[in-house]
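Have a look at the structure below before the remarks.
The values are calculated or read from the model by the stated rules, or taken from the named source; none is laboratory data. The model shown is predicted, which means the values in this text are computed figures rather than measured ones. Positions of Cβ are generated from backbone atoms using ideal geometry, with glycine treated the same way; all protein chains shown enter the neighbour counts.
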Amino acid sequence: MRLTAGWLAQWLAQGDYCSIALGENCLVLDSQTETEEIPFDDWDGAIDVHRGVLWGSFELTSADQEYCWTVHGLPWQQCKAFANMLLEAYRNWAQGRVEKLDNLLPEMLKRIDSYAEAEGYLRESSHRQLHRYLDNALASTGLTRELAGSFRPLAFEKVEPWLEGNEEWVEEANSQWLEKETEKWSSWFDKFESSPLNPSQREAVLINQDHNLVLAGAGTGKTSVLVARAAYLIANQQCQPEEILMLAFGRKAAEEMSERLGAKVSDRIKVATFHSLGTQIIKAVESEMPSVSPVTLDEKERAKWIAQVLTEQWETAASAKRWQKHLTQWRIPGFKAENSMEKQAKSEQLAAWVWRHIELIGQRGANKSQLVESIEKHDNESARARMKSELALLWPCYRAYEQHLKANKQIDFNTMIQRATEYVKEGKFMPPWQFVMVDEYQDISPHRLALIEALCHAGGKDNRPTLFAVGDDWQAIYRFAGADVNLTTGFEQRFGASHITELDTTYRFNSMIGEVANAFIQQNPNQLKKGLTSFKKQKRKAVTLLCQDLIDQELAQLASQQKGEVTTLLLGRNNNQRPEKLKQWQEKWPHLGINFMTCHASKGREADFVFVLDVNRGVFPAPDRDTGLAACLQARGESFTDAEERRLFYVALTRAKKHVWVCAEPQKPSTFVNELIDDGYPVMNKIKRVKAKQK
Ligand SMILES: Nc1ncnc2c1ncn2[C@@H]1O[C@H](COP(=O)(O)OP(=O)(O)OP(=O)(O)O)[C@@H](O)[C@H]1O
């Protein structure tokens, strides 16, 4: 059936179309030049019939109300009946779909209510799930949003915003919840630590997005937040202690965390290092403990094994020649030309250098020709020859290591973490944890992250564990061992549904240490900007540059000033800086609580007073960090000179609560000391540099 304008009307009328007909579930409109089919889906199902002086016209609107079609010059007597016939056809078409919609609407509304009225923080994963369900349900009816809205306006008014996303509503609901929850737990927050938690710490404890990162500078209470969050989850009955997994880097850190949680929260929380977790997973699946090589586990065994491998290598003429040739152009840490080979092989520094490369090569999982290829593509063209030469020295050590593991049927940490990750991914190990928490997240390596991701994806789509990580990109100091700080700075891109909370107040150190440390770290524009203020304000300078051989005197003075017990940390770039007089000082001034450790080991620690030792040229920053093979094996390169060493120095400075002494020799202060003096940092300078000897 068709309704068409007469020839005169077609000639006189200025409408878009001059003829309308009913097609198969569509309208067919003809203009002078073309025919257009409008599926019922695209039409809003209404016709405005207008009467003109001579003729009638139809006005039809698209389902999304964006477009209008007009048919002019129609014979008026037939207009109404024709329009009714079209509407009847449309209603018949729509009836089946609307029935489907009617069947689905109660469930759609129920799901919306159960999401929107759920107690607690509204997570993005549940939001996405709801959105997906509503989208699919509507699609299954065959109706467009507009049509569904026009047939069931009341019910659909509630559904429509959720199909759009309704992000603003969720944000508002979450911020209202946060306000109420903060209020509800206010006195608990006041008393949990010796001092009340501040607003940003409270927020960090409460927010419960799928993936949460607390990103904050040194001494802002990240560890306090981690402990408080575990306590809150249990106190709020969100989980049992056994459902929390707390991951720490290193056994010592894990032990300290375990003690702290045991004392403050519960000793049923699982605290693990990545390695102990890997062992547990493998043991659960294979029913026996994985056999981890003593070379991996024990520093002494490792040193012995490395000495043996090096000695064997040097016994071969070709290999010995390769080492000698390398040393004519480049240095190797711990390798001193004047030492005998026997002594060389036992050098701690050399062993550390060899081991670090073995680990990095293992983490890369590449064969020799792939490594050569990446050296050839390395940005730093001038370093490529050195990298290749180092690879030639170190590849045989790596191969020897692989063979050693194979011969003894043992694995190392890399393999262990990878195997554990596979078991979780394959569902052979079902993690019992609902909340995975990670301390020092900035030091995460891709392998460890893969394990965390596997844990957080276990449990099916509806029951995934939540990740809560605390970290500070300013304190990322394990790039040399395979960590990748980009995994912290790119947290959101990596995880999607995530929330990042920043903590703005640092409690450990006073404002004068803060001024020096914060300015120093931010010289590198690639570090994330953080507004950090010190809780303890002071005007008196709190960083002193000191001649190394005056430490004795300074300690004596400090000892006479301090009447009560205090803590003092002597920090070295590495163990070589352990002072010979350490024991003597400890015995002479026990109330100073003097301890020595490396800057790396001091991570997470604090003391009233800190002496950073031997900040001299060639020591701190450690040289050659960016020009050897390691630079090619490590995570993406960094353009800023000594970026990681700068972060390490920041870690050292920020261990102190009251005062820091940066100690150097006047003849050879390092670039860091020179920068503190020359760039006008607020420090007390007691070093008179001897310029003539500084070449
Ligand atoms: N709200 C607070 N009020 C007062 N002191 C606090 C508060 N929060 C934390 N502290 C104290 O600040 C110090 C640093 O806290 P914590 O060790 O948790 O910081 P952090 O961010 O983990 O430090 P870093 O990253 O440097 O290891 C601790 O002595 C802690 O007790």
Of all residues in segment 219-238 being assigned to a loop (DSSP other than H, G, I, E, B) and surrounded by fewer than 24 Cβ atoms within 10 Å (Cβ to Cβ), the one that is farthest from the ligand (Cβ to nearest atom): 237
Among the residues listed as 508, 540, the single one being more than 30 Å from residue 357 (Cβ to Cβ), away from the ligand (no atom under 16 Å from the Cβ) and part of a loop (DSSP other than H, G, I, E, B): 540
Just for helices (runs of 4 or more DSSP H) wholly inside segment 382-491: which have at least 3 residues that are hydrophobic (A, V, I, L, M, F, W, C)? 384-407, 413-425, 446-457
Residue 266, sole failed condition from (1) assigned to a helix (DSSP H, G or I); (2) surrounded by fewer than 19 Cβ atoms within 10 Å (Cβ to Cβ): (1)
Quick one: what pairs do we get from segment 593-611, first residue over 12 Å from residue 568 (Cβ atoms) and assigned to a loop (DSSP other than H, G, I, E, B), second hydroxyl-bearing (Ser, Thr, Tyr) and within 11 Å of the ligand (Cβ to nearest atom), C-beta under 9 Å, 6+ apart or different chains? 604/223
Considering each residue of segment 170-202, count those that are more than 26 Å from residue 531 (Cα to Cα) and within 16 Å of the ligand (Cβ to nearest atom), and give that number. 4
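For segment 153-174, which residues satisfy the criterion of being small (Gly, Ala, Ser) and in a helix (DSSP H, G or I)? Talk me through it step by step, then tell me what you get.
Of all residues in segment 153-174, those small (Gly, Ala, Ser) come to 155, 165, 173.
Matches in segment 153-174: 155, 173.
Could you tell me which of the residues 544, 533, 501 is assigned by TED's automatic domain parsing to the domain that holds residue 250 and among the β-branched types (Val, Ile, Thr)?
On the way: 544 fails: assigned by TED's automatic domain parsing to the domain that holds residue 250; 533 fails: assigned by TED's automatic domain parsing to the domain that holds residue 250.
Result of the check over 544, 533, 501: 501.
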Being within 18 Å of residue 160 (Cβ to Cβ), at pLDDT 90 or above and either part of a loop (DSSP other than H, G, I, E, B) or of a type outside the set (Ser, Thr, Tyr) (or both) narrows it down to one of 108, 85, so name that one. 108
Working only within segment 151-163, note down all residues that are of a type outside the set (A, V, I, L, M) and buried (at least 18 other Cβ atoms within 10 Å of the Cβ). 151, 156, 162
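Residue-wise test of (1) in a helix (DSSP H, G or I); (2) more than 16 Å from the ligand (Cβ to nearest atom); (3) in contact (Cβ under 8 Å) with a residue 12 or more places away in the chain.
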{"site": "586", "(1), (2), (3)": "yes, yes, no"}
{"site": "620", "(1), (2), (3)": "no, yes, yes"}
{"site": "649", "(1), (2), (3)": "yes, no, yes"}
{"site": "658", "(1), (2), (3)": "no, no, yes"}
{"site": "661", "(1), (2), (3)": "no, yes, yes"}
{"site": "682", "(1), (2), (3)": "no, yes, yes"}
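Evaluate segment 203-210: report whether one residue or more is assigned to a loop (DSSP other than H, G, I, E, B) and within 16 Å of the ligand (Cβ to nearest atom).
In the first step, residues of segment 203-210 are kept if they are assigned to a loop (DSSP other than H, G, I, E, B); the result is 207-210.
After this cut, where a residue has to be within 16 Å of the ligand (Cβ to nearest atom) as well, the list is none.
Checked segment 203-210: no residue is assigned to a loop (DSSP other than H, G, I, E, B) and within 16 Å of the ligand (Cβ to nearest atom).
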Anything in segment 54-77 that is crowded, with 20+ Cβ neighbours inside 10 Å and part of a loop (DSSP other than H, G, I, E, B)? List them, or say none. 55, 63
Report yes if residue 245 is surrounded by fewer than 19 Cβ atoms within 10 Å (Cβ to Cβ), among the aliphatic types (A, V, I, L, M) and more than 16 Å from the ligand (Cβ to nearest atom), otherwise no. no
